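**Student:** Please find one structure pasted underneath; my questions will follow.
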Amino acid sequence: MAFSTTMLSWSVIEFGKLMGQEELKNALDAIAWATDYLLKSTNTPGLVFAQVGDPFGDHNCWERPEDMDTPRTAFFVSSDNPGSEVSAEIAAALASSSIAFRKFHHDVGYSQRLLQRAITVFEFADKYRGSYNDSLGPYVCPFYCDYSGYQDELVWGAAWLLRATKIPNYWNYIKQNIHNVKNFAEFGWDSKDAGINVLVSKLLVNNPASKPFNLNADKFVCAVLPESPLVSVSYSRGGLLFKTSGSNMQHATAYSFLFLVYAGYLNQANKKIDCGGGVIASSMRLKQLAKSQVDYILGSNPLSMSYMVGYGQKFPKRIHHRASSLPSIDQHSSQIDCKGGSFYFESQNPNPNLLLGAVVGGPNINDEYVDSRADFVHSEPTTYINAPLVGVLAFFKSYSS
């Protein structure tokens, strides 16, 4: 949730001017929905509430949010039981959203409140270092385990605070801790590494101090471009980017977002990237790759299928989403209990409620898609797939060529 908020905020910061007034307002409203919650979850000094509900109990039930009757146990991290990754990502979300609200004069007082909270939550994350895998392991794992450590979140949080405050201490912190961030080709809700290098490069454009970040961001690009001799990702025959993990579309959207932001940096710095083997990547090439991913998601693929619910003539009808698949209260007023929803889960009927705009995990590497609720790796939508796509779509709405 915090990562989704950071990415939605970054989408607004970079591309908000291209969204149009109505959609910019919608984006800021969506950010505020999350940041209101994150403010509540960090309201007690020395505590960060990381999760509400036992995921085993919740996953065991297929019921509407209005009917949920599983225990809403709240789990927190503290100085004695730290969780630096979840705390630092919340700090990143609060800092980035403070910039978004400040930039568009939406609510300066609210922006200041977000920033002050980001500063204190980051201090907590850094002072009491440790992974929430250790403090909350039985509750957050395996569903929300941190597999990449918390060092990347600490540097990511500091980078967003540097952008929000311009305070030199955060730059010093980044320089002192960047050696802990080694996965230059990774970016997503668990690994922030490539995002750090792109963010700092853009922040310190034409500043010699940014060179190590530029070099690692260049290496990220060369690890993703299909023609690069250093490519480390796969592509389906239809052209969709693939990495080995569930919900593959998260990589297509997040990497496309970073490519567009870094393309802007290359333009500002008047630079191209040399990937070796005669492969030179320009900002135009980065935009082309991002556009190819968006076009695939929206229907330019071997199945001629949109992977965004409600978009185009052909899109996923049986997505893995409880509220979408179960009848609305006005159609079925009595409670549907924990196992009462199994009938709807197993049904071959299309979901009665369209989750408009949601992007699912997507096809397999052979460009095949089984429209099945049970196949959650491919049919489940997530906020961290959609959040970076908001910025990408805003860009291509204005620059379609």
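**Student:** In the stretch 116-148, how many residues are in contact with a helix residue (DSSP H, G or I) (Cβ under 8 Å, 6 or more places away or on another chain) and at pLDDT 95 or above?
**Tutor:** 14
**Student:** What number of residues within the stretch 186-211 satisfy the criterion of being open to solvent by 20 Å² or more (accessible area, probe 1.4 Å), assigned to a loop (DSSP other than H, G, I, E, B) and over 13 Å from Tyr265 (Cβ atoms)?
**Tutor:** Of the residues in that region, 3 qualify.
**Student:** Within the stretch 308-327, how many residues turn out to be in contact (Cβ under 8 Å) with a residue 60 or more places away in the chain and assigned to a loop (DSSP other than H, G, I, E, B)?
**Tutor:** Result for the stretch 308-327: 7.
**Student:** Select from the stretch 1-53 the residues that are without any contact (Cβ under 8 Å) to a residue 12 or more places away in the chain, over 27 Å from Tyr139 (Cα atoms) and within 19 Å of the chain's Cα centre (by Cα) and list them in ascending order.
**Tutor:** Asn26, Asp29
**Student:** Test Ile365 against the criterion of being of a type in the set (Val, Ile, Thr), open to solvent by 20 Å² or more (accessible area, probe 1.4 Å), over 29 Å from Leu225 (Cα atoms) and in a loop (DSSP other than H, G, I, E, B), and give yes or no.
**Tutor:** no
**Student:** Hey, can you tell me all the residues within the stretch 296-342 that are of a type in the set (Lys, Arg) and open to solvent by less than 80 Å² (accessible area, probe 1.4 Å)?
**Tutor:** Lys317, Arg318, Arg322
**Student:** Out of Gly137, Gly130, which single residue is open to solvent by less than 20 Å² (accessible area, probe 1.4 Å), over 23 Å from Leu8 (Cβ atoms) and part of a loop (DSSP other than H, G, I, E, B)?
**Tutor:** Gly130
**Student:** Counting only residues that are more than 19 Å from Phe343 (Cα to Cα), part of a loop (DSSP other than H, G, I, E, B) and of a type in the set (S, T, N, Q), which one in the stretch 37-69 is most open to solvent (accessible area, probe 1.4 Å)?
**Tutor:** Asn43
**Student:** Pairs under 8 Å by beta carbon, first residue farther than 16 Å from Asn180 by Cα in the stretch 192-205, partner modelled with pLDDT under 95 and open to solvent by less than 10 Å² (accessible area, probe 1.4 Å), six or more apart or different chains?
**Tutor:** Ser201/Ser210; Leu203/Ser210; Leu204/Ser210
**Student:** Only residues that are in contact with a strand residue (DSSP E or B) (Cβ under 8 Å, 6 or more places away or on another chain), of a type in the set (A, V, I, L, M) and open to solvent by less than 10 Å² (accessible area, probe 1.4 Å): list them for the stretch 212-269, please.
**Tutor:** The answer is Val221, Val224, Leu225, Leu241, Met249, Ala252, Leu266.
The values are calculated or read from the model by the stated rules, or taken from the named source; none is laboratory data. Keep in mind it's a predicted model, so treat the numbers as computed, not measured. Positions of Cβ are backbone-derived with ideal geometry, glycine not excepted, and every protein chain shown enters the neighbour counts. In case anyone asks, the SASA skips ligands and DNA or RNA and just uses the protein heavy atoms, side chains included. Shrake-Rupley method; radii C 1.70, N 1.55, O 1.52, S 1.80 Å.
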